[in-house]
1. For region 52-78, give me each residue that is within 23 Å of residue 386 (Cα to Cα) and either assigned to a strand (DSSP E or B) or modelled with pLDDT under 95 (or both).
2. Condition first: in contact with a strand residue (DSSP E or B) (Cβ under 8 Å, 6 or more places away or on another chain), modelled with pLDDT under 90 and either farther than 26 Å from residue 98 by Cβ or crowded, with 21+ Cβ neighbours inside 10 Å (or both). Now tell me which residues in region 172-205 satisfy that.
3. So, residue 214, is that one under 17 Å from residue 49 (Cα atoms) and in contact (Cβ under 8 Å) with a residue 40 or more places away in the chain or not?
4. Out of all the residues in region 222-257, which are under 13 Å from residue 12 (Cβ atoms) and not in a helix (DSSP H, G or I)?
5. Could you check residue 273 against (1) touching a residue at least 12 places away in the same chain (Cβ under 8 Å); (2) outside any helix (DSSP H, G or I); (3) outside the structural domain of residue 386 (by TED's automatic domain parsing); (4) closer than 24 Å to residue 80 by Cβ and say which number it fails?
6. Applying the selection to region 22-55, what residues are crowded, with 23+ Cβ neighbours inside 10 Å and out of contact with any helix residue (DSSP H, G or I) (no Cβ under 8 Å at 6 or more places or on another chain)?
7. What number of residues within region 276-301 satisfy the criterion of being free of Cβ contacts under 8 Å to residues at least 40 places away in the same chain, over 22 Å from residue 142 (Cα atoms) and in a loop (DSSP other than H, G, I, E, B)?
8. Would you mind stating whether residue 88 is surrounded by 24 or more Cβ atoms within 10 Å (Cβ to Cβ) and more than 20 Å from residue 167 (Cα to Cα)?
């Protein structure tokens, strides 16, 4: 069937940098087909998608992706390690993917692999370094960075570990090792703009910068930074009142939830450790905004991203038990959209792995499935969508996972 490229993404929104990465990855691997594992309505850094998952699916298909599969919310909103592992488990289960293409600040796959090897094997000396760094009161990401540099004993790894896309790439490679996958990782060097860079030049900017531009209603600038199809879809959503700029849209509900919860309930939220629940409860009782919450509680031990994910878990009712369940089950394949080439990929996936749970209709799956664990995971996705649409300015609607059809694009060449 030719070569299949896998991409793990949020496309929040799909911009010119994504298009560059997609084209470069296809060129580097000689792939004929592209499968994207894409986050739903909430993202890995504890935030919202600026437009819904079906709109971003449509943009991805019109810009060159053939098949879009949803990354369940329990993976999509998790730490980099769990985000990567859930994504790789899905890609690997398809049994047709040849390559994983990801963007990174580092162009040397060997350096990323060296680090992934240490994290996968966790040699005793590395674990000793890590314990020492954690005992200094550092956040886990910073402690791990310092421990790896000490263990590898080479400063060339220092800059690699301070870049978020490098870290995700390392986690992808580690997960590929863990599952003994035959998928070959290929990194594409990010072009011009860093992950969190708020600056922009020419027609390339980070998704963070673009979301900021959209929030400030600088649509002429946004038009320059997005492919025309992606821009049109974005503007249609804005006209419909279907845009969620960030998590602050839900801040009153989040603060209310935390005030309502007791410390034992807060302690059950993922990423809450070492008595953090007491600080969260105290701060939630004395603030009214997410910004104020993060300002009061952020420390070198607890990063803003980790804290924001905790806020998101409180909104979506996600617990540590839910996360543990997600690690034990083989995830389903929820199809969000495809083109003609995607239909062919799906038929090949069904042949390669006949036992794989492929969901093309949520209603049909829920009515027929007796797998309680998969149903629990899917319930979380459904609930997340229902929460998301509450944030619409107008024209809100419920149970879209049951009523929305798969996005189908007949166009197959881009």
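1. Within region 52-78, 68, 69, 70, 71 meet the criteria.
2. Passing the criteria: 190, 192, 193, 197, 199.
3. On the way: under 17 Å from residue 49 (Cα atoms): yes; in contact (Cβ under 8 Å) with a residue 40 or more places away in the chain: yes.
So residue 214 passes the test.
4. Listed by number, the residues that qualify are 226, 243, 244, 245, 246.
5. Going through the list (1) touching a residue at least 12 places away in the same chain (Cβ under 8 Å); (2) outside any helix (DSSP H, G or I); (3) outside the structural domain of residue 386 (by TED's automatic domain parsing); (4) closer than 24 Å to residue 80 by Cβ, residue 273 breaks only (1).
6. If the condition is that a residue be crowded, with 23+ Cβ neighbours inside 10 Å and out of contact with any helix residue (DSSP H, G or I) (no Cβ under 8 Å at 6 or more places or on another chain), then 22 is the only one that fits.
7. Adding up the residues that qualify gives 4.
8. For residue 88, the condition - surrounded by 24 or more Cβ atoms within 10 Å (Cβ to Cβ) and more than 20 Å from residue 167 (Cα to Cα) - is not met.
The values are calculated or read from the model by the stated rules, or taken from the named source; none is laboratory data. The structure presented is a predicted model; accordingly, all values stated were derived computationally and were not measured. All Cβ positions, even for glycine, are placed from backbone atoms using ideal geometry, and neighbour counts span all protein chains on display.
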